1. List the longest stretch of the chain that has no exposed loop site; here a site is one of the trypsin sites (Lys or Arg not before Pro) assigned by DSSP to anything other than H, G, I, E or B, with at most 12 other Cβ within 10 Å.
2. With a cap of 10 neighbouring Cβ atoms within 10 Å, and only residues DSSP puts in a loop, list the GluC sites (Glu not before Pro) found in the stretch 60-166.
3. How high is the FRET efficiency between GLU215 and LYS3 when r is their beta carbon distance and R₀ equals 25 Å, given to the nearest 0.05?
4. Of all beta bridges DSSP finds with both residues in the chain, what is the antiparallel percent, to the nearest 5?
5. Assuming 0.692 mPa s and 37 °C, estimate D for the stretch 251-294 with Stokes-Einstein, Rh taken as the Kirkwood radius over Cα pairs, in µm²/s.
6. With an 8 Å Cα cut-off and a minimum separation of 6 or more residues, compute the relative contact order for the chain in percent.
7. Please state the Cα pair-distance histogram of the stretch 173-283 with 10 angstrom bins from zero: what percent is in each bin?
8. Using only Cα atoms, locate the centre of the stretch 250-283 and the centre of the stretch 65-112, then give the distance between them in Å, rounded to an integer.
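The values are calculated or read from the model by the stated rules, or taken from the named source; none is laboratory data. All of these numbers come straight from a predicted model, not from anything done at the bench. Here the Cβ positions follow ideal geometry from the backbone for every residue, glycine too, while neighbour counts run over all protein chains shown. Side chains included, ligands, DNA and RNA excluded: accessible areas come from the protein's heavy atoms. Shrake-Rupley method; radii C 1.70, N 1.55, O 1.52, S 1.80 Å.
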Amino acid sequence: MEKSIVTLTINPALDKISGISQVVPNKKLRCNAPKHEAGGGGINVSRAIKRLGGNSLAIFPCGGANGEILQSKLDEEEVTYTAVPISKQTRENITIFEGNTDHQYRFIMPGPNLSDKEWKSTLNEIEKVDPHPDYIVASGSTPHGVPDDFYQQVGDLANKINSKLIVDTSGEQLKLAAEAGVFLLKPNMRELGTLAGNKITSEAHQKEAAKSIIETGNAEVVVVSLGAGGALLVMKDHTEHIRTPTVPIRSKLGAGDSMVAGIVFYLSKGKSIREAVMYGVAAGAATVMTPGIELCNKSDTDKLYENLLENSQN
């Protein structure tokens, strides 16, 4: 029996995507017809889980016309969700692809100012899930009005309801979440340096910093995202560098969220941590193969995973 997954996105976004041949200053730039997607860390994780053949419940605050479009996009993808009503407008992010160079210009807007009642309602929705979820994925940035210890409070809730928490965030939120003690942290190199209190300068330093997080009890598992280098898996009794398969690069957007989705999806199927992280690396690589802000697809992810598994046994 598959275990249940809840994703939490406290700062969701309606992503607007368009393109133009060349970006130049001080001129009217007539772009292609825009496309909209539901966005935000946890929401993207839920979308990727769906694409991989799994199910999850996405919980997020939502308001205004942007929020209505965001929900309609999730309905189209048949992603299960609970939208917590808020008084302000859900933010909109803009991504412009420059055709002549293949450069991406990403304009990230601040989220709305949430009231105490609004952000606390997202935690209440998690606690109301019956039965309690086996895994909670808390991912993404935090908007105005949300306290610095928000992810720490998510950690306290996860411990209270006996759910395993996976956190993918940055800055002070990441540090405080770790202090609460979580199941799995997925920092990148810069974020690992934040947790370690100094800049990471070598692979040995990576392993040492990740090990210290385990030894202090801040996480059971640390998966350091290394971009094109794959991921460093660190547990109490196992450390392994899982390298990304060589794939054609079309766009790196969404690769990190797809990695998290692959990990939690395989954990929900009862796979080992090592297998789950390998599947997550495969999902991230599959996302890189897709254009624009497309997430991973199952067929590419499964093929890449089988290649990783085969190579690891040779």
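1. With trypsin sites (Lys or Arg not before Pro) excluded where exposed in loops, the chain gives 31-198 as its longest stretch.
2. GLU78
3. Computed FRET efficiency for GLU215 and LYS3 comes out at 0.40.
4. 35 percent
5. Working: Rh = 10.0 Å.
The diffusion coefficient I find is 327 µm²/s.
6. Result for the chain is 16 percent.
7. 15, 48, 33, 4
8. The stretch 250-283 and the stretch 65-112 have Cα centres separated by 23 Å.
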